[in-house]
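Here's the structure, in structure tokens; my notes come after.
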Amino acid sequence: MAVMTQTASPDPVQPASGGDRIARFFREYYIYFVLVAVVVLLSVANLDKFDLFERGNFLNQNNIINILRVSAPLLTLAGAFTLLMVSGYIDLSVGSAMSLSAVIYALLAINGVPFLPAFALTVVAGAGLGAINGFLVVRLRITPVIATLITLSLYKGLALLLVQDGVSAIKSGGGLKMPSWFNTYGRVGTFLELPAAFWVAVIVTVILIVAQNRTLLGKYAAATGGNPTAAKLSGINTGAIVFLLYVIVGMTAALAGIARSSFMSLGDPLSGDGMELTAILVVLLGGTAFSGGEGRVIKSFIGALIIMALTVGMLTLVPAYFQTLVLGAALLAAAASNHLVSRKESRS
């Protein structure tokens with residue numbers, strides 16, 4: 001008599017509950033709701049004491065344009081910083097690289113170098129600064145935090161060194177004068193009534209979105225951050241990917257420095273101070289995992305808009321000494337929520 005055996009059938013996949021679908025929807029689109037909430041908040045707040053705003057109306061064309069001008073450096077930097085963190089690495093020197101780039105750009109301009117060569121040379125210099133970071137991390141195998149803390153001090157010292165003794169910044173004076181075109185890129189110049197530097201930030205972000213979604217750079221960056229050992233075993237040259245991402249971050253830091261220098265009409269060696277913390281806050285707010293492997297460029301771009309709108313709004317909503325505390329609390333909240341979401345997903 002044949003023995004009949006019954007094989008266990010696999011458990012059917014349980015459909016996602018309504019609560020799970022809502023949670024996934026919120027995790028995917030929450031950043032856009034936050035942006036709308038911030039705009040609504042600032043639209044009803046009393047902003048008429050700050051002369052950046054006209055008659056206290058946040059949703060005013062001139063006000064929006066001014067905020068986009070101020071936001072251009074951070075918007076330019078956010079996408080590249082996101083991809084670097086997706087790969088599991090970090091760059092704490094971006095603020096100093098931005099300051100040094102601003103000084104280099106102003107020095108070139110005040111010494112008679114035309115706009116396009118000054119622009120291109122500064123971006124190349126930024127790429128070199130990123131390459132130094134990549135060399136320290138990839139070739140010398142120095143921990144990213146330590147390596148970029150070293151270059152943070154190095155780049156800031158170089159920026160201060162390039163400014164003459166007794167002078168706070170590179171600006172008109174002492175027989176030298178900034179050319180008339182200097183503040184066109186970051187302050188005066190517009191295209192379709194929006195600042196030129198903002199359009200460059202948009203172009204950079206679109207390129208990085210395409211790179212993340214459609215090229216091997218984005219896929220390899222996520223693989224490197226998600227599981228570097230598996231990425232190496234699958235044939236990915238993780239060192240080359242990380243090095244390239246550091247170079248891209250350096251280039252966008254240079255673009256940010258150019259935008260800031262042009263907006264301020266001078267080369268300030270301290271103009272990028274604190275940008276590294278703001279960049280971390282932006283990418284965490286956008287949902288990028290601090291441990292790597294996950295993050296979206298577009299969400300960091302939206303996060304940068306939120307942070308800059310709040311920063312400008314806080315100039316009248318809270319005392320000046322309170323603003324740093326508010327941003328620090330926001331960084332803590334973003335890091336905590338990022339950690340909780342990552343831990344929940346790892347358990348599921």
| query | Can you tell me which residues in segment 171-183 are outside any loop (DSSP other than H, G, I, E, B) and touching a helix residue (DSSP H, G or I) at 6+ places or on another chain (Cβ under 7 Å)? | reply | Leu176
| said: All but one of (1) at pLDDT below 95; (2) among the polar types (S, T, N, Q); (3) over 30 Å from Thr184 (Cβ atoms) hold for Thr151; state the number of the condition that does not hold. | reply: (1)
| request: Hand me the list of helices (runs of 4 or more DSSP H) wholly inside segment 237-348 holding 1 or more residues that are at pLDDT below 75. | output: 297-317, 320-347
| query | Of all residues in segment 194-203 being in contact (Cβ under 8 Å) with a residue 12 or more places away in the chain and assigned to a helix (DSSP H, G or I), which is nearest to Met264 (Cα to Cα)? | reply | Ala197
| query | Which residues, taken from segment 184-193, are of a type outside the set (Lys, Arg) and either part of a helix (DSSP H, G or I) or touching a Phe, Trp or Tyr at 6+ places or on another chain (Cβ under 7 Å) (or both)? | reply | Thr184, Tyr185, Gly186, Val188, Phe191
| said: Give all pairs with beta carbons closer than 6 Å in which a residue from segment 232-254 that is in contact (Cβ under 8 Å) with a residue 12 or more places away in the chain meets a residue that is charged (D, E, K, R) and assigned to a helix (DSSP H, G or I); count only pairs at least 6 apart in sequence or on separate chains. | reply: Thr238/Lys232
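May I ask you to list the residues in segment 151-170 that are part of a helix (DSSP H, G or I) and without any contact (Cβ under 8 Å) to a residue 40 or more places away in the chain?
Listed by number, the residues that qualify are Gly157, Leu161.
Residues checked against (1) crowded, with 24+ Cβ neighbours inside 10 Å; (2) not in a helix (DSSP H, G or I):
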| residue | (1), (2) |
| --- | --- |
| Ile65 | no, no |
| Thr76 | yes, no |
| Met85 | yes, no |
| Asp91 | yes, yes |
| Met98 | yes, no |
| Ser101 | yes, no |
| Leu107 | no, no |
| task | Run Phe191 past the list (1) over 20 Å from Val86 (Cα atoms); (2) touching a residue at least 24 places away in the same chain (Cβ under 8 Å) and report the number of the one that doesn't hold. | result | (2)
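Quick one: is Ser180 surrounded by fewer than 16 Cβ atoms within 10 Å (Cβ to Cβ) and touching a residue at least 40 places away in the same chain (Cβ under 8 Å)?
no
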| query | Can we say Ala169 is of a type in the set (A, V, I, L, M), buried (at least 23 other Cβ atoms within 10 Å of the Cβ) and under 23 Å from Val103 (Cα atoms)? | reply | no
| task | Within segment 198-228, count every residue that is surrounded by fewer than 17 Cβ atoms within 10 Å (Cβ to Cβ) and under 19 Å from Phe290 (Cβ atoms). | result | 1
| task | Scan segment 275-295 residue by residue and report those that are under 14 Å from Gln212 (Cβ atoms) and either acidic (Asp, Glu) or without any contact (Cβ under 8 Å) to a residue 24 or more places away in the chain (or both). | result | Glu294
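The values are calculated or read from the model by the stated rules, or taken from the named source; none is laboratory data. Source: prediction; values computed, not measured. Methodologically, a virtual Cβ is constructed for each residue, glycine included, from the backbone with ideal geometry; neighbour enumeration extends over all protein chains shown.
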